[in-house]
1. Quick check on the stretch 201-219. Is at least one of its residues of a type in the set (S, T, N, Q), under 28 Å from Q263 (Cα atoms) and buried (at least 19 other Cβ atoms within 10 Å of the Cβ)?
2. If we keep just the residues of the stretch 1-55 that are under 19 Å from H79 (Cβ atoms), assigned to a helix (DSSP H, G or I) and among the basic types (K, R), which is farthest from the chain's Cα centre (by Cα)?
3. Determine, yes or no, whether P98 is farther than 28 Å from R164 by Cα and either among the basic types (K, R) or surrounded by fewer than 19 Cβ atoms within 10 Å (Cβ to Cβ) (or both).
4. Show me the strands (runs of 3 or more DSSP E) entirely contained within the stretch 56-170 in which 1 or more residues are under 16 Å from the mean Cα position of the chain (by Cα) and of a type in the set (A, V, I, L, M, F, W, C).
5. With the stretch 236-286 as the region, which strands (runs of 3 or more DSSP E) entirely inside it contain at least 3 residues that are in contact with a strand residue (DSSP E or B) (Cβ under 7 Å, 6 or more places away or on another chain), in contact (Cβ under 8 Å) with a residue 24 or more places away in the chain and closer than 24 Å to L198 by Cβ?
6. Scan the stretch 180-204 residue by residue and report those that are of a type outside the set (V, I, T) and over 20 Å from Y117 (Cβ atoms).
Amino acid sequence: MNQDRKTKIKVAVCQMDSQNDKHQNLKDAKNMICEASEKGADLVVFPENMNFMGKGYRYQEEPIPGPTTDFLAALAKEHGIWILSGSIPETEGSMEVPKPKNSLVLIDPTGNICCKYSKLHLFDVDLEDGSSFRESDTATQGEDIVVCDTKLGRLGFTICYDLRFGELYRLLSLAGAKVIFVPACFALQTGRAHWEVLLRARAIENGVYIVACNQIGKKHDMTAYGHSMVIDPWGRIIAQAENKPGVLMAEIDLSEIEKVRAQIPSLKNRRGDLYELLGEVTVFEA
């Protein structure tokens, strides 16, 4: 376990309007990292599909490590900053996995990839009007629940639709995660109704910080809701992005977690003897 931990973390949440030009998306990401570094950020966070949003998503896949993560790793090293990549379409170079995984990585200030997480839950729905959406047509689901021990504390990872599965967040919290990240591309319609409610609920239920980085703007087949935000363990929104691309700064005080959990000890009072959660959590060391 990492002993040399910070108690306060400056987080830069980069709300992007990623499109189908990977070069431009990465240029925008670089500019945001530079801005975040100038503002004193310890950690920079990007949204789901940060390097590509458009038709042909599955053909934009790349390995990890690969071009996008190498690009971000060089910037992490240059600025001496942690970077959570947001997700990219990852190929594992195997015919057994013909569709990419939706994966993120955490990169430390030396440019080292500390851990990888692949989205567990894929949004597949068939509606009464005959319309349907099947994320599984273009992506392969992940299999591992992941936390990472770092100098910033123990961090947990989810992506977008994972937000609707409270048991995942409970497992991450029981595994010691103090900050849980939600890179996302949440749509306008569902975002208006559910985004803030779900994020605040996950923070309150588990007594953790939630850092949610969403896409913004019109994409090829949907409009992203934006409203990236950081929520404290009491459920208060301590920072929220404007309705445009930009860098949202927030300070996370890890000492608040134990204060809140002392007032509302739901993790301590839970009846694990009656409703055991069976998932195993993979712990990485940074």
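Nothing in this text is a laboratory measurement; each read-out follows from the coordinates by a stated rule. Model, not experiment: these values are computed from the prediction. All Cβ positions, glycine included, derive from the backbone under ideal geometry; neighbour counts span all protein chains shown.
1. Within the stretch 201-219, one or more residues are of a type in the set (S, T, N, Q), under 28 Å from Q263 (Cα atoms) and buried (at least 19 other Cβ atoms within 10 Å of the Cβ).
2. Checked the stretch 1-55; the qualifying residue farthest from the chain's Cα centre (by Cα) is K27.
3. Answer is no for this residue.
4. Here the list reads 82-84, 88-90, 101-107, 113-118, 145-150, 153-157.
5. 246-253
6. Listed by number, the residues that qualify are A187, L188, Q189, G191, R192, A193, H194, W195, E196, R200, A201.
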